[in-house]
Amino acid sequence: MRTYIINGGNKLEGIVKISGSKNSALPILASTILCGREYIIKNVPDIDDVKMMLEILILLGCSAYYEGGSCYINTKNLNTCDISDKLSKKLRSSIIFLGPMLGRNKVAKITYPGGCDIGSRPIDLHLYGLKELGVDVTEEGEFILCSSHNTKSNDISLRYPSVGATENLMLFALSVEGRTRIYNSAKEPEILDLQRFLVKCGYCVEGAGTDTITVFGSKNMAKNISYDEPVEYSIISDRIEAGTFMALAASTKSKICIKNVDKRYLSGIIKLYREAGCLIDDVEDYIYMINNDRIRAMDKISSRPYPGFPTDMQAQLMASLCRAEGTSYIEENVFENRFKHVSELNKMGANIVIKDNLAIINGVSKLHGENIDVRDLRGGAALVLAALSAEGRTVANNIEHIDRGYEKFANKLWNLGADIAEK
Ligand code: UD1
């Protein structure tokens, strides 16, 4: 178990550079197995989830390494269709290997994926869509065996715009002859990034960013593509990491210049913090945020699929509202178990009441340091923000969760003047 020791109360000031997007990097890394060739994926965040994806690629027989912010991958020697190794249990995104594996090898063996414990996280939509495209799915104990020898293009309607299911189906449909449409697809910017990558690879897919994605697949997809040069692609910056540093400025009454951001995907969060009283200058690729006082409470914020408020920012927003003037409300609609940070925030002096999926955050004038447990990635980041805004010393345990999705989090905070050390 690793721990952060945080002495809160410092006003922070300086520049922080946002890394590449975790949620773009993971499906793009999985999609490299669709076709055996070389790839150079740039602006990849140095985080544990990426390391695990590269380990899975190596277990599959590919070569894959990370150097200087880029992943160098060669998937020509893929030699197994078994992605049921114990690594898959650790990482939810291992499920995204299923579509490309079936596209390339026609068979795949997987286990139910792991990842953050923030809800039941089923994969029924992934399997439903694959079956609609002719995949045979058999469950054998903890394994799922899939084969795709008799595929057919189709129109698929998702009952919910699942990010992972949309990605898996886009990737698999590339190997299915003809036109497949995915209705009610997720519209997240990371799906658009995946589409841009696929188009750069030579595949034919359009509509990402809208609720209908159209894939023009081909049984010979791999043969239609030129292999001469490695595919080079640079991943978009991480909107959730940028939002986390905005929540930090709001929590700690600080002046932070957040660089390398894509503001198109942050307009909702910028608006919320402006309305709460923060000064925000957003020019070119940076956001300069100044907060001198307690922020104002927010009316009900509801997490929803994109373009709604992101569930991945819910915990960090809540941390910044703990010391707001007045009462704020946050409704979590995407995952059913995503309030695990609340008991720890309350230990630090926050006054948050949970009623079903609604958190009622009664602003308090101060928080105090405590011994707290990190239980998931975004909740962990939120607890660190709260600890930095609290009086006194916080010991935050199990910070491994944070390393899954934030690159050099403590270093970035330290460079802004935070008193944070790892033990
Ligand atoms: C992705 C993101 C994660 C983010 C989430 C929602 C990545 C690597 N992770 O996760 O950071 O929090 O989107 O924006 O991109 N569901 C089903 N059946 C399914 C699939 C999902 O019922 O087959 C439900 C889930 O239980 C959940 C909701 O749909 O309640 C959203 O899940 P989904 O959009 O699939 O999230 P992930 O792709 O796992």
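Rounded to the nearest 10 degrees, the angle from helix 22-31 to the longest Cα principal axis of the chain is 10 degrees.
Apply the a/c threshold of 1.5 to the C-alpha gyration tensor of the range 51-130 and tell me whether it is rounded, prolate or oblate. Oblate shape, in that a/c is at least 1.5 and b/c is the bigger or equal ratio.
With the convex hull drawn over the C-alpha atoms of the range 248-304, the volume per residue is 81 Å³. For the range 77-218, the fraction of 1.4 Å probe accessible surface lying on carbon and sulfur atoms is 48 percent.
Between VAL283 and LEU358, the modelled label-to-label distance comes to 4.3 nm, taking each label 7 Å out from Cα in the direction of the beta carbon.
Quote the charge dipole size of the chain about the Cα centre in Debye, to the nearest 20; the model charges only the Cβ of Lys and Arg (+1) and of Asp and Glu (-1). Please report the intermediate quantities before stating the final value.
On the way: 51 positive and 53 negative charges, 51 e Å.
Rounded to the nearest 20 debye, it is 240 debye.
Taking all C-alpha pairs of the range 1-91, those more than 15 Å from each other amount to 64 percent. Full extension of the chain segment joining ILE15 with GLU336 gains 112.0 nm, where the gain is 0.36 nm per residue of separation less the Cα-Cα distance. Once Rh is set to the Kirkwood radius over Cα pairs, what Stokes-Einstein translational diffusion coefficient, in µm²/s, holds for the range 82-192 at a temperature of 4 °C and a viscosity of 1.567 mPa s? In µm²/s, the coefficient is 93. The antiparallel fraction among DSSP beta bridges confined to the chain stands at about 70%.
When each of the peptides 263-276, 16-29 is scored by the mean number of other C-beta atoms lying within 10 Å of its residues, the order from highest to lowest reads 16-29, 263-276. For the range 272-372, the gyration tensor built on C-alpha atoms gives an oblate shape. Its axis ratio a/c (a ≥ b ≥ c) is at least 1.5, and a/b is not larger than b/c.
Could you calculate the contour length gain from ASP124 to SER302, that is, 0.36 nm times the residue separation minus the distance between their Cα atoms, to one decimal place in nm?
On the way: separation 178, 0.36 × 178 = 64.08 nm, distance 2.46 nm.
Contour length minus Cα-Cα distance gives 61.6 nm.
Can you bin the range 210-294 into rounded, prolate or oblate? Criterion: square roots of the alpha carbon gyration tensor eigenvalues sorted a ≥ b ≥ c, rounded for a/c under 1.5, prolate for a/b above b/c, oblate for the rest. Prolate. Among the listed pairs LYS22/LYS340; LYS17/LYS90; LYS51/LYS412; LYS90/LYS347; LYS89/LYS187; LYS76/LYS187, a Cα-Cα separation exceeding 24 Å is found for LYS17/LYS90; LYS90/LYS347; LYS89/LYS187; LYS76/LYS187. List residues of the range 368-396, by number, whose backbone nitrogen lies under 16 Å from a label position 7 Å along Cα→C-beta of MET1. 370-376, 380, 394-396, by backbone N distance to the label point.
Could you tally the net charge around ASN74, taking each other residue with its Cβ under 11 Å from the Cβ of ASN74, Lys/Arg +1 and Asp/Glu -1?
Details: positive: ARG37, LYS76; negative: GLU38.
Once positives and negatives cancel, what remains is +1.
Given charges of +1 on the Cβ of Lys and Arg and -1 on the Cβ of Asp and Glu, with all other atoms neutral, how large is the dipole of the range 292-405 about its Cα centre, in debye to the nearest 20? Don't skip to the answer; put the middle values down first.
Working: 14 positive and 15 negative charges, 34 e Å.
Dipole magnitude for the range 292-405 comes out near 160 debye.
Solvent-accessible area per residue in the chain equals 39 Å², computed with a 1.4 angstrom probe and all protein chains kept.
Could you check how much of the accessible area of the range 296-396 is carbon and sulfur, as a whole percent, using a 1.4 Å probe? Mind showing how you got there, number by number?
On the way: 1630 of 3620 Å².
Ligands and nucleic acids excluded, carbon and sulfur reach 45 percent.
Mean-square fluctuations from a GNM of the chain, with a 10 angstrom spring cutoff on Cα atoms, peak among LEU158, LEU57, LEU194 at LEU158. At 20 °C and a viscosity of 1.002 mPa s, what translational diffusion coefficient does Stokes-Einstein give for the chain, taking Rh as the Kirkwood radius over Cα pairs? Give it in µm²/s as a whole number. Taking Rh from Cα pairs, D becomes 97 µm²/s. Suppose we look only past 27 Å in the calculated P(r) of the range 170-318. What percent of the Cα-Cα pairs does that tail hold? Pairs farther apart than 27 Å: 38 percent. Between helix 48-59 and the chain there is an angle of about 20 degrees, using the helix long axis and the longest principal axis of the Cα atoms. Packing around the peptides 35-41, 409-415, 239-245, taken as the average count of other Cβ atoms within 10 Å per residue, puts them in this order, highest first: 239-245, 35-41, 409-415.
The values are calculated or read from the model by the stated rules, or taken from the named source; none is laboratory data. This one's a predicted model, so the numbers in the text were calculated from it and none came from an experiment. Quick reminder, even Gly has a Cβ in these numbers, built from the backbone with ideal geometry, and neighbours come from all protein chains shown. All accessible areas refer to the heavy atoms of the entire protein, side chains included, with ligands and DNA or RNA removed. Shrake-Rupley method; radii C 1.70, N 1.55, O 1.52, S 1.80 Å.
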